[in-house]
2 protein chains.
Amino acid sequence: MYDIDTTHDPKLKSWVVSANQTGCDFPLQNLPFGRFKLRGIESGWKIGVAIGDQVLDLRAVGLIDTDDMNCVMAASPEARQLLRRKLSEGLREGSSQHPLWTSALVPQDECEYTVPCRVGDYTDFYTSVHHATTVGKQFRPDNPLLPNYKWIPIGYHGRASSIRVSGSTFKRPRGQTKAPDALIPSFGPSKRLDYELELGWFVGAGNEQGEPIDIGNAESHLFGVTLFNDWSARDIQGWEYQPLGPFLSKNFASTVSPWMVTMEALAPFRAAFERAAEDPQPLPYLEDEANRARVAFSISLEVLLQTAKMREASEAPVRLSATNTSRAAYWTPAQLVAHHTVNGCNLQPGDLLGSGTLSGPESTEAGSLMELTVSGKNPITLPNGEVRSFLEDGDTLILRGWCETDGATRIGLGECSGTVVAP
Amino acid sequence: MYDIDTTHDPKLKSWVVSANQTGCDFPLQNLPFGRFKLRGIESGWKIGVAIGDQVLDLRAVGLIDTDDMNCVMAASPEARQLLRRKLSEGLREGSSQHPLWTSALVPQDECEYTVPCRVGDYTDFYTSVHHATTVGKQFRPDNPLLPNYKWIPIGYHGRASSIRVSGSTFKRPRGQTKAPDALIPSFGPSKRLDYELELGWFVGAGNEQGEPIDIGNAESHLFGVTLFNDWSARDIQGWEYQPLGPFLSKNFASTVSPWMVTMEALAPFRAAFERAAEDPQPLPYLEDEANRARVAFSISLEVLLQTAKMREASEAPVRLSATNTSRAAYWTPAQLVAHHTVNGCNLQPGDLLGSGTLSGPESTEAGSLMELTVSGKNPITLPNGEVRSFLEDGDTLILRGWCETDGATRIGLGECSGTVVAP
């Protein structure tokens, strides 16, 4: 488990002055990793760290000797902590690296980005009990929360090939759907296209096949976290998902934010995980007794929508909902890793573990339109008069996340945006 | 769609004399691709083609200039057909390549193998209606075959990282299970470990995200086929699989045969797909009217078991079941590709499409122990007196496959074996 160290000291300032502004997502205490290149320049993807409104080219400053992010992620926790300390020291006010490193900075808004690492396998979990209950009610009115939910961190495998970075567009998927009263299915563009507010936990060092990761050691196998949008076609999902789970309703596109906020950076933002008295005690392989008070994280999240009309009128996105992971997630990241590997399944550097839709207990905290509009029955009216049950072509959906707590410098996860286009 | 060409002429013989023996899996008419290296020698994986009891090193003979199988698989159908013709001509009796190519041959039994390409995403389908019905009866007695089955080629995403090549062992998985009459789940080694007899279809050229592959063109995006064993822990599956599908019950290990038999090699073994009169006509995106009479394949399959006791007593494996794809599969490989991409999902070279368990209509044609023993209720007694409901530690399970038809030379898929060891 990662501890708070000197790199979190809120008094630390950077010689990159934009990093010191209040509300900046990427202060010196954050230092998230991503892959970038200068827009319009032919080159491979480089590994960078966001600082203020700049990106530091890690290879250019000699901190790494590879362009392969997955290699960097595979390093031991000790090596990663050392890299973080070097970065923190080099970017601090008064550092002797200042003159040299300045030449390795590029403005973020002159860069393009890609998925921050090579994703081998992508698993999506289902960690919000509020989401599971609300959605369960819609698919199975008599049986919303299944009996296994509070024993097993329910998860399933997703599609890695169609994950794209923030700023991408995707075509509205077409597929089979069947209305409850229809005799046979029909085919066409999805009419119930939705988003899902998620976090994506990236695996750092993996495990050998047949060698489970112990819960007490599980977090050291995570590299960091991004925002993640698991776009979902609810009408396709309803018809296809039994008995083997969602497939074409999910695998047409997913969107990830460009920056992986490391587990080291998250250390000040831990939270106790409080189980309700009536909830069962998990089986021992899922219980980290030694760290009970600090196994979860407090990450604030919000969802914003900007329609094509709003964009044309230069109107800012409107907030659809907001929550916090500590209110939404029934299972911790460490529990996801321990469960995933308990059968001997091998994780590899760069694998992605989606949290599942992070909906909090109140209806204003719902992480999908399916929940916010009660499956389209209660459409939302936007400030400009437009109405939404599900997403329309031209809609841009934006996820944002940040961490703040007393005595620590606020850090941000940046932004994860994606736009639906006509099929 | 691939046509029968001169490379299939049954009169053709090879100067590799072992390739001309009756019953050989790898005659000149086959030419399957795999990755090999000489056992005990430090080297990277090389690309080879099986011929008789030998492997031809493709780079050594100058037919390719890469060790990356996925690059070879990404080639156009025309380029692949040209490569096949050069291979066929060079290995024919009387070829001028004979002296030169002889030095690029290594005996198969002196080689080790790996998964034949880099698998990005692995999808498992559920194409046998007999399997779906029999298993459905066990999980849902009142509702065995769900209403979507004959409309949608049901599939879900599997785990790519834990796929291993034939000859591998894996530890019996541990996990959560819950007996129907138990109040809470328990944890331990799976007591209902099973195999699944499948074919694995490998993707050749992929498609861009958002650009579906038309059914008429779908088969040209497949490179070839292997035998595939999707090991399954039925007790873990029963407790975890709702509502998002199988997860830890499947992702601990899968086993694939070393040789990809190409679509070109399969061309003589086509079969008409005959739908029963009462079955619905698929939606147009799944119907290849122009090729109705030749969209399926006839591949014979068998499953054999060798227990630890049998191995110690040098007793040959015993056959558990046998079937043929044309009796087992409700959906064709082309339909799997067209369905998978109809929503814009992008396939990439090397992606694996599992057929799902290929059980034929008779009980002796079942592709899993769950079916053969009726979920353990009717155990099998082996010739040596041992009894099996599910797999025991030390059991080796072997899949074999081959194609034969009048007027064509028999070709084989080789063997896919795997052994369970104690956790």
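Where a number appears in this text, it was derived from the coordinates with a stated rule and is not lab data. Just so we're clear, the structure is a prediction, and the values are computed from it rather than from any experiment. Counting neighbours? That spans all protein chains shown, and the Cβs are built from the backbone with ideal geometry, glycine included.
Report the charge-dipole magnitude of the protein assembly as shown in Debye, nearest 20, computed about the Cα centre from +1 at each Lys and Arg Cβ and -1 at each Asp and Glu Cβ.
On the way: 76 positive and 102 negative charges, 44 e Å.
Once rounded to the nearest 20, the dipole reads 220 debye.
Taking N as the number of residues in segment B:122-421, what value does Rg over Cα atoms divided by 2.2 N^0.38 Å take?
Dividing the Cα Rg of segment B:122-421 by 2.2 N^0.38 Å gives 0.98.
Below 8 Å between Cα atoms, with a sequence gap of 6+, how large is the relative contact order for segment A:6-114 in percent? Please list the in-between numbers first.
Numbers: 167 pairs, mean separation 35.1, N = 109.
Answer for segment A:6-114 is 32 percent.
How high is the relative contact order of chain A, given as a whole-number percent (alpha carbon pairs under 8 Å, six or more residues apart)?
Numbers: 1007 pairs, mean separation 93.5, N = 423.
Worked out over chain A, it gives 22 percent.
For segment B:115-231, rounded, prolate or oblate, judged on the Cα gyration tensor with a ≥ b ≥ c (square roots of eigenvalues), a/c < 1.5 rounded, else prolate if a/b > b/c? List each step's numbers first, then the result.
Numbers: a/c = 2.39, a/b = 1.41, b/c = 1.69.
It is oblate, given that a/c is not under 1.5 and a/b is not larger than b/c.
Which distances, shortest first and in nm, link B:Glu315 to the matching position in the other copies, using label points set 7 Å out along Cα to C-beta?
When each copy's label point is compared with this one, the spacings are 7.8 nm.
Provide an ascending nm list, one decimal, of label-point separations from A:Thr102 to the equivalent residue in each further copy; define each label point as 7 Å from Cα along Cα→Cβ.
Values, ascending and in nm: 7.2.
Using alpha carbons only, how many angstrom separate the centre of segment B:128-165 from the centre of segment A:241-316?
30 Å
Whose amide H sits under 5 Å from the amide H of B:Phe297, counting only residues 5 or more places off or on another chain, with H placed in the peptide plane?
B:Ala271
Taking the beta-carbon count within 10 Å as an exposure proxy, list B:Ser363, A:Ser326, A:Ser76 from fewest neighbours to most. Walk me through the numbers before you get to the answer.
Details: B:Ser363 14, A:Ser326 18, A:Ser76 11.
Least crowded to most crowded, the residues run A:Ser76, B:Ser363, A:Ser326.
Trypsin sites (Lys or Arg not before Pro) within segment B:191-296: which are DSSP loop residues with at most 14 other Cβ atoms inside 10 Å? Mind showing how you got there, number by number?
Details: sites: B:Lys191, B:Arg192, B:Arg234, B:Lys250, B:Arg270, B:Arg275, B:Arg292, B:Arg294; in loops: B:Lys191, B:Arg192, B:Lys250, B:Arg275.
Sparse-neighbourhood loop trypsin sites (Lys or Arg not before Pro): B:Lys191, B:Arg275.
Helix-only mean residue ellipticity at 222 nm, chain B, DSSP H runs n ≥ 4 weighted -39,500 (n - 2.57), per residue, nearest 500. What is it? Present the calculation step by step, with values, prior to reporting the outcome.
Numbers: 10 runs with 69 residues, N = 423.
Only helices count here, giving -4000 deg cm²/dmol.
Could I have the simple spin-label model distance between B:Glu287 and A:Ile4, label points 7 Å from Cα toward Cβ, reported in nm to one decimal?
Each label point lies 7 Å from its Cα, and together they span 6.7 nm.
Scan chain A and report its longest stretch carrying no GluC sites (Glu not before Pro) that are both in a DSSP loop and have at most 12 other Cβ atoms within 10 Å.
Details: sites that count: A:Glu42, A:Glu208, A:Glu274, A:Glu278, A:Glu362.
After excluding every exposed loop site, the longest remaining stretch is A:43-207.
Quick one: if you take sqrt(5λ) for each eigenvalue of the C-alpha gyration tensor of segment B:6-114, what semi-axes come out, biggest first, whole angstrom?
On the way: eigenvalues 85, 61, 31 Å².
Sorted largest first and rounded, they come to 21, 18, 12 Å.
If you take the Cα atoms of the protein assembly as shown, find Rg, then find the Kirkwood Rh from the mean of 1/r over all pairs, what is Rg/Rh?
Values: Rg = 27.4 Å, Rh = 28.2 Å.
We get a ratio of 0.97 for the protein assembly as shown.
If the cut-off is a Cα-Cα distance under 21 Å, which lysines reach B:Lys11, setting aside same-chain residues fewer than 8 apart in sequence?
B:Lys86
Near the amide H of B:Gly158, under 5 Å away, which other amide H atoms are found, from residues 5 or more places off or on another chain, if H is placed in the peptide plane?
Amide H neighbours of B:Gly158, under 5 Å, 5+ apart: B:Tyr122, B:Thr123, B:Asp124.
Toward the positive end of the charge dipole of chain B, about the Cα centre and with charges on Cβ (Lys, Arg +1; Asp, Glu -1), which of B:Met73, B:Ala104, B:Met370 goes farthest?
About the Cα centre, the residue reaching furthest to the positive side is B:Met370.
Around A:Arg59, under 14 Å between beta carbons, what's the net of Lys plus Arg minus Asp minus Glu among the other residues?
Details: positive: A:Arg35, A:Lys37, A:Lys46, A:Lys86; negative: A:Asp57, A:Asp65, A:Asp67, A:Asp68.
It works out to a net charge of 0.
Give the long-range amide H neighbours of B:Val55: residues separated by 5 or more places, or on another chain, with amide H under 5 Å away, using H modelled in the peptide plane at 1.01 Å from N.
Here the answer is B:Val106, B:Gln108, since their amide H atoms fall under 5 Å of that of B:Val55.
Could you tell me how far the Cα centroid of segment A:58-87 sits from the Cα centroid of segment B:389-409, in Å?
47 Å
If I take the rotation axis that carries chain B onto chain A, which residue of chain B has the nearest beta-carbon, and at how many angstrom?
Residue and rounded Å distance to the axis: B:Gly245, 1.
For label points placed 7 Å from Cα toward Cβ, what is the shortest-first list of nm distances from B:Pro423 to its copies?
4.4
With a sphere of radius 9 Å drawn around the Cβ of B:Leu413, what net charge do the other residues whose Cβ falls strictly inside it have (Lys, Arg +1; Asp, Glu -1)?
Details: positive: B:Arg400; negative: B:Asp25, B:Glu415.
Summing Lys/Arg as +1 and Asp/Glu as -1 gives -1.
Mind checking segment B:340-404 for trypsin sites (Lys or Arg not before Pro) that DSSP puts in a loop (not H, G, I, E or B) and that have at most 13 other Cβ atoms within 10 Å? Write down the numbers at each step before the final one.
Working: sites: B:Lys377, B:Arg388, B:Arg400; in loops: B:Lys377.
Of the trypsin sites (Lys or Arg not before Pro), the ones in loops of segment B:340-404 whose Cβ has at most 13 other Cβ atoms within 10 Å are B:Lys377.
Under a Cβ-Cβ cut-off of 10 Å, what is the net charge of the residues other than B:Thr123 that fall near it, where Lys and Arg count +1 and Asp and Glu count -1?
Working: positive: A:Arg159; negative: B:Asp121, B:Asp124, B:Asp351.
Neighbour charge sum, excluding B:Thr123 itself: -2.
Give, rounded to the nearest 20 debye, the magnitude of the charge dipole that segment A:6-114 has about its Cα centre when Lys and Arg contribute +1 at Cβ and Asp and Glu contribute -1 at Cβ. Don't skip to the answer; put the middle values down first.
On the way: 12 positive and 14 negative charges, 60 e Å.
Roughly 280 debye for segment A:6-114.
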